[in-house]
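Here's the structure we're looking at; comments come further down.
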Amino acid sequence: MTAQARDAAIVGIHEFHSRNVDGELSSLQIKAECAARALADAGLSWSDVDAIYDASEGAPMSGLTISEYFGIEPRLVDTTAVGGSSYEFHAAHAREAIRAGKARVALLTYGSTAHSNALAIGVGGRGFGGVTPAENMESFAGQTLVANYAMAARRHMHEYGTTSEQLAEISVATRYHAMRNPAAVEAMEELEFIDIRETTVDDVVNSRMIADPLHLLECCMISDGGGAVVIASAEVARNCKKPPVWIIGAGQAVKYPVIGGDLTSSAAIDSGPVAFAEAGVSPAEIDVAMIYDSFSITVLTILEDLGFCAKGEGGAWVEGGRLRFDQSGGPALNTDGGGLSSNHPGMRGIFLLIEAARQLRGESTAQVAAAKLALAHGNGGMLGSRHSAGTVILAGDRT
Amino acid sequence: MSKLPTRPLPNLSEPDTAAFWRATAEHEFRFQQCENCGTVVWHPRRHCTGCVDGSLVWQVSAGQGAIYSFSIVRQSYHPFFRNQVPYVVALVDLDEGPRFLTNVVGIDTPEAVHIGQRVMLAWEDHDDVSMPLVRPLTE
């Protein structure tokens with residue numbers, strides 16, 4: 001491994017404890033609680049924060065409103081909003097600002113009451129609102145969010161012979177990890193999952209079909225939740241309470257429908273190589289892959305796009321459990337239980353950074369022995385149409 | 001008696017797509033092409049995405065194409081679509097290029113739909129606008 005620039009690190013993290021607040025908390029309140037606890041995790045306070053990153057999910061014009069609500073005076077404000085991958089974009093931007101000397105302590109927060117609001121994000125929902133020209137062409141067809149991803153899965157099956165049993169491996173691996181994470185088990189209890197246990201491929205393919213070819217157990221949950229991440233300069237990081245988790249590479253991209261476009265690959269094809277090149281590492285070196293698991297097909301597509309295996313070979317590659325934290329031959333996938341089995345309030349990207357940091361600190365409930373390198377890849381928007389990709393590569397302080 | 005829920009219809013005053021939707025009342029599926037650079041532009045919009053000196057003109061599709069991908073929706077919370085399940089959503093590649101999202105109708109069973117299947121437009125008429133659905137091509 002080549003020596004990477006280590007200018008900025010994740011120094012504080014917090015994941016909101018509840019997945020169902022019964023409408024008693026607002027997303028802003030969740031964001032503030034997570035922010036305070038992530039700062040405390042780092043040994044910092046509100047007054048140390050000089051850069052704010054926000055995806056505007058809690059309030060409009062959030063660059064203004066969040067600063068006032070938190071009671072801080074940032075000298076840098078970034079409200080990049082590209083859906084669930086916003087936090088991977090934020091982490092990359094924060095690192096750049098810190099490297100340039102424009103910021104010392106950056107605060108990223110997320111809060112959502114999607115479950116309390118009964119927003120149908122995962123199963124049967126109609127996707128995101130707004131009347132853009134593109135959406136005005138599509139709304140008549142009644143495409144659910146699941147069906148959008150299902151069309152990507154169907155095309156993948158058509159071109160490469162991928163099977164439902166292979167896609168099910170993604171769900172099985174994330175549930176395997178979720179059952180080791182008390183917060184994920186509690187989440188499934190709070191959301192009244194019927195049968196909370198480790199699953200098999202048969203369990204997944206025998207679960208109810210939601211939108212062919214995707215089954216219920218291939219779809220993410222719809223929870224409340226939130227989180228916060230504090231990113232600091234090397235100078236600040238040295239004096240924080242927890243070991244720094246260095247951001248060593250990042251890439252971003254977007255993709256949208258075009259004439260003759262390919263539904264079997266995502267914008268990760270463009271964001272991944274940039275991130276890996278900057279980090280000076282290869283996919284084979286990654287110990288932990290936190291990949292946005294909105295649906296099984298999202299992960300399979302992105303594993304291929306990032307180069308963990310060749311395009312079209314993902315189905316065979318995930319067979320046999322190589323994505324489990326206690327098996328070799330591939331990265332451990334979504335060791336917190338993922339959006340499928342732990343936490344999905346709509347924009348899961350911040351949890352990818354949080355669990356990657358836990359792994360590189362040695363704090364995960366499905367800890368990969370001596371984990372040195374982790375990847376967080378967010379997919380925002382919808383895989384089967386317009387979406388964003390943010391890849392972040394992280395290194396522990398021990399390497 | 002309460003009004004039955006209906007399919008969500010497009011906003012006919014959305015500036016980029018209004019002309020497309022107005023033409024559907026005449027059962028015309030229109031798309032744009034640039035007179036300057038030849039780029040086929042889809043979805044409809046005011047500017048050419050292929051050049052900065054673009055001049056877009058409307059073309060009319062012959063109305064035939066092939067299914068690029070599809071899904072059979074078995075669960076929906078929408079007041080209209082929840083009563084339509086199972087129904088088929090599909091991405092259709094028109095022979096002229098544009099790929100559009102639609103429903104496949106005129107089939108005995110949703111399982112009869114497949115990728116690559118040849119389809120033709122099957123207009124569903126509403127008050128001032130028609131929906132460009134598709135059905136299997138009959139020779």
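The values are calculated or read from the model by the stated rules, or taken from the named source; none is laboratory data. If you're wondering where the values come from, they're calculated on a predicted model, not measured in any experiment. Glycine also receives a Cβ, built like all others from the backbone with ideal geometry; neighbour counts cover every protein chain displayed. All accessible areas refer to the heavy atoms of the entire protein, side chains included, with ligands and DNA or RNA removed. Shrake-Rupley method; radii C 1.70, N 1.55, O 1.52, S 1.80 Å.
The combined condition, being open to solvent by 10 Å² or more (accessible area, probe 1.4 Å) and assigned by TED's automatic domain parsing to the domain that holds A:Met151, is fulfilled by A:Ser364. Among residues of the range B:13-23 being surrounded by fewer than 15 Cβ atoms within 10 Å (Cβ to Cβ) and over 14 Å from B:Val60 (Cβ atoms), the one that is nearest to the other protein chains (Cβ to nearest Cβ) is B:Pro15. Of the helices (runs of 4 or more DSSP H) that lie entirely inside the range A:1-106, those containing 2 or more residues that are open to solvent by 40 Å² or more (accessible area, probe 1.4 Å) and under 25 Å from A:Val185 (Cα atoms) span A:27-42. Scanning the range A:185-198 turns up no residue that is touching a Gly at 6+ places or on another chain (Cβ under 6 Å) and open to solvent by less than 40 Å² (accessible area, probe 1.4 Å). Of everything in the range A:264-281 that is more than 20 Å from the chain's Cα centre (by Cα) and open to solvent by 20 Å² or more (accessible area, probe 1.4 Å), the residue that is farthest from the other protein chains (Cβ to nearest Cβ) is A:Gly280.
Exactly one residue out of A:Ala152, A:Ala118, A:Ala141 is out of contact with any Cys (no Cβ under 6 Å at 6 or more places or on another chain), farther than 30 Å from A:Ala237 by Cα, modelled with pLDDT under 95 and within 14 Å of chain B (Cβ to nearest Cβ): that is A:Ala118.
Selection of first residues in the range A:21-36 that are under 16 Å from A:Leu107 (Cβ atoms) and of second residues that are open to solvent by 40 Å² or more (accessible area, probe 1.4 Å) and part of a helix (DSSP H, G or I), restricted to Cβ pairs under 9 Å at least 6 apart or on distinct chains, gives the following pairs, ordered by first then second residue: A:Leu28/A:Thr65; A:Leu28/A:Tyr69; A:Lys31/A:Tyr69; A:Ala32/A:Tyr69; A:Ala35/A:Trp46; A:Ala36/A:Trp46.
Considering each of B:Arg46, B:Arg74 in turn, give the residue that is charged (D, E, K, R), at the interface with chain A (Cβ under 8 Å from one of its Cβ atoms) and open to solvent by 60 Å² or more (accessible area, probe 1.4 Å). Going through B:Arg46, B:Arg74 in turn, just one is charged (D, E, K, R), at the interface with chain A (Cβ under 8 Å from one of its Cβ atoms) and open to solvent by 60 Å² or more (accessible area, probe 1.4 Å): B:Arg74. Taken together, A:Ala152, A:Ala134 contain a single residue that is among the small types (Gly, Ala, Ser), under 14 Å from A:Met382 (Cβ atoms) and not assigned by TED's automatic domain parsing to the domain that holds A:Leu214, which is A:Ala134. Can you find, within the range B:24-38, the residue that is nearest to the other protein chains (Cβ to nearest Cβ) among those that are surrounded by fewer than 17 Cβ atoms within 10 Å (Cβ to Cβ) and either of a type in the set (A, V, I, L, M) or touching a residue at least 12 places away in the same chain (Cβ under 8 Å) (or both)? Result: B:Gly38.
If you check A:Gln166, A:Gln252 for being open to solvent by 10 Å² or more (accessible area, probe 1.4 Å), within 30 Å of B:Thr39 (Cα to Cα) and among the polar types (S, T, N, Q), only one passes: A:Gln252.
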